[in-house]
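Trainee: Dropping the structure in here first, questions after.
The values are calculated or read from the model by the stated rules, or taken from the named source; none is laboratory data. All figures in this text were calculated on a predicted structure; none of them were measured in a lab. For neighbour counting, all protein chains shown are included, and Cβ atoms are generated from backbone atoms with ideal geometry for every residue, glycine included. To get the accessible areas, we keep the full protein, side chains included, count just its heavy atoms, and leave off ligands, DNA and RNA. Shrake-Rupley method; radii C 1.70, N 1.55, O 1.52, S 1.80 Å.
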Amino acid sequence: MTTIGFIGSGQVGGTLARMAAGVGYDVVVSNSRGPETLTELVEEIGTRARAGTTEEAARAGDLVVVSVPLRALGDLPVADLVGKTVVDTCNYYPRRDGAIPVLDEETTTSSELLAALLPGAHVVKAFNNIAYVHLPMLARPPGDPERAALPIAGDDDTPEAASAKASVVELVERIGFHAHDTGPLAEGWRFQPSTPAYAAPYSPDGLSVWPPERGRQVTEAELSELLASATRSGETQRRA
Ligand SMILES: NC(=O)c1ccc[n+]([C@@H]2O[C@H](COP(=O)([O-])OP(=O)(O)OC[C@H]3O[C@@H](n4cnc5c(N)ncnc54)[C@H](OP(=O)(O)O)[C@@H]3O)[C@@H](O)[C@H]2O)c1
């Protein structure tokens, strides 16, 4: 039985916890305010869920989803994440998170920043480029021809890293999407905010970022083109 710990159980973390429990994972949810504030979510999910501290979620998880505002990365339970597969859903929004010069200057990416904070963990970037409302809306069972593709990025240069990445591919596939491998973690910028693959393609008109009522399946061929067309621009990032 695989357990997923959630550090951050808000729009994305809470949605993924519901979906993961729905396909057979056990989940341990956590947030900044403490387990007692997550009673409602746990009751809604049912017997596969429990709430804990961030340390407990990290220790319990075979996979640990980190889904917090980027400004909160300094609060992660670093020691409890050694050796863990960490799924990074986080995005950099300077107006929300405060300016992070190495990201503005594009000398690194947000997921590599997280990986640098977590020695011994295997960080895989996933679920970053889709609005949380579209996750349950667009999920389809295996074999469904309408399955949308979601990008992931992660290193796979050691057997442990490759195994971590494979477990995230399995998570994406089990909850209802085709996992498209974008390459190593350093390639994760290709689906960060303001890139062509970010959020809008999953909206009904393929253009606007926030139309919560309906979604749109994005094929792997389309996603592949969008990722390939991404360019890096400090200006684009600063405007976000
Ligand atoms: N919303 C989307 O559609 C979407 C899509 C893709 C990616 N993302 C990215 O995913 C991340 C999460 O987004 P979200 O929309 O789910 O945010 P959210 O709804 O605001 O939830 C954030 C979660 O993080 C927790 N948190 C905040 N500070 C924390 C800390 N210091 N320690 C532990 N937990 C902490 C919050 O707990 P408390 O409430 O107790 O503070 C809450 O459970 C962000 O980086 C975002 O940019 C969002």
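Trainee: Exactly one condition in (1) without any contact (Cβ under 8 Å) to a residue 24 or more places away in the chain; (2) open to solvent by 60 Å² or more (accessible area, probe 1.4 Å); (3) of a type outside the set (Val, Ile, Thr); (4) assigned to a loop (DSSP other than H, G, I, E, B) is not met by GLU225; state its number.
Mentor: The single condition GLU225 does not satisfy is (4).
Trainee: Under the condition of being within 16 Å of the ligand (Cβ to nearest atom) and within 17 Å of SER224 (Cβ to Cβ), which residue from segment 155-179 is surrounded by the most Cβ atoms within 10 Å (Cβ to Cβ)?
Mentor: Top of the filtered list is PHE177.
Trainee: Let me ask you something else. When the residues of segment 118-133 are filtered to those that are more than 8 Å from the ligand (Cβ to nearest atom) and not β-branched (Val, Ile, Thr), which remaining residue is nearest to ARG174 (Cα to Cα)?
Mentor: Applying the filter and picking the extreme gives ALA126.
Trainee: Could you give me the residue pairs with C-beta distances under 6 Å whose first residue belongs to segment 180-198 and is under 15 Å from LEU113 (Cβ atoms), whose second residue is open to solvent by 50 Å² or more (accessible area, probe 1.4 Å) and within 16 Å of the ligand (Cβ to nearest atom) wherever it lies, and which are 6+ apart or on separate chains?
Mentor: LEU185/GLU112
Trainee: Sort through ALA197, ALA186, ALA153, ALA164 and tell me the only one that's at pLDDT 95 or above, in a loop (DSSP other than H, G, I, E, B) and under 20 Å from THR109 (Cα atoms).
Mentor: Result of the check over ALA197, ALA186, ALA153, ALA164: ALA197.
Trainee: While we're looking at this one, here's another question. Restricting to segment 15-44, count the residues that are surrounded by fewer than 22 Cβ atoms within 10 Å (Cβ to Cβ) and either within 13 Å of the ligand (Cβ to nearest atom) or in a helix (DSSP H, G or I) (or both).
Mentor: Within segment 15-44, residues that are surrounded by fewer than 22 Cβ atoms within 10 Å (Cβ to Cβ) and either within 13 Å of the ligand (Cβ to nearest atom) or in a helix (DSSP H, G or I) (or both) number 17.
Trainee: Still on this structure, I have one more. More than 21 Å from THR54 (Cα to Cα), without any contact (Cβ under 8 Å) to a residue 60 or more places away in the chain and over 13 Å from the mean Cα position of the chain (by Cα): does that describe PRO142?
Mentor: Criteria met by PRO142.
Trainee: Please verify whether GLU106 is touching a Gly at 6+ places or on another chain (Cβ under 7 Å), in a loop (DSSP other than H, G, I, E, B) and either of a type in the set (A, V, I, L, M, F, W, C) or more than 13 Å from the ligand (Cβ to nearest atom) (or both), treating the condition exactly as stated.
Mentor: Spelling it out, GLU106 is indeed touching a Gly at 6+ places or on another chain (Cβ under 7 Å), in a loop (DSSP other than H, G, I, E, B) and either of a type in the set (A, V, I, L, M, F, W, C) or more than 13 Å from the ligand (Cβ to nearest atom) (or both).
Trainee: Do we have any residue at all in segment 70-90 that's of a type in the set (Val, Ile, Thr), closer than 21 Å to GLY120 by Cβ, touching a helix residue (DSSP H, G or I) at 6+ places or on another chain (Cβ under 6 Å) and part of a loop (DSSP other than H, G, I, E, B)?
Mentor: Yes, some residue in segment 70-90 is of a type in the set (Val, Ile, Thr), closer than 21 Å to GLY120 by Cβ, touching a helix residue (DSSP H, G or I) at 6+ places or on another chain (Cβ under 6 Å) and part of a loop (DSSP other than H, G, I, E, B).
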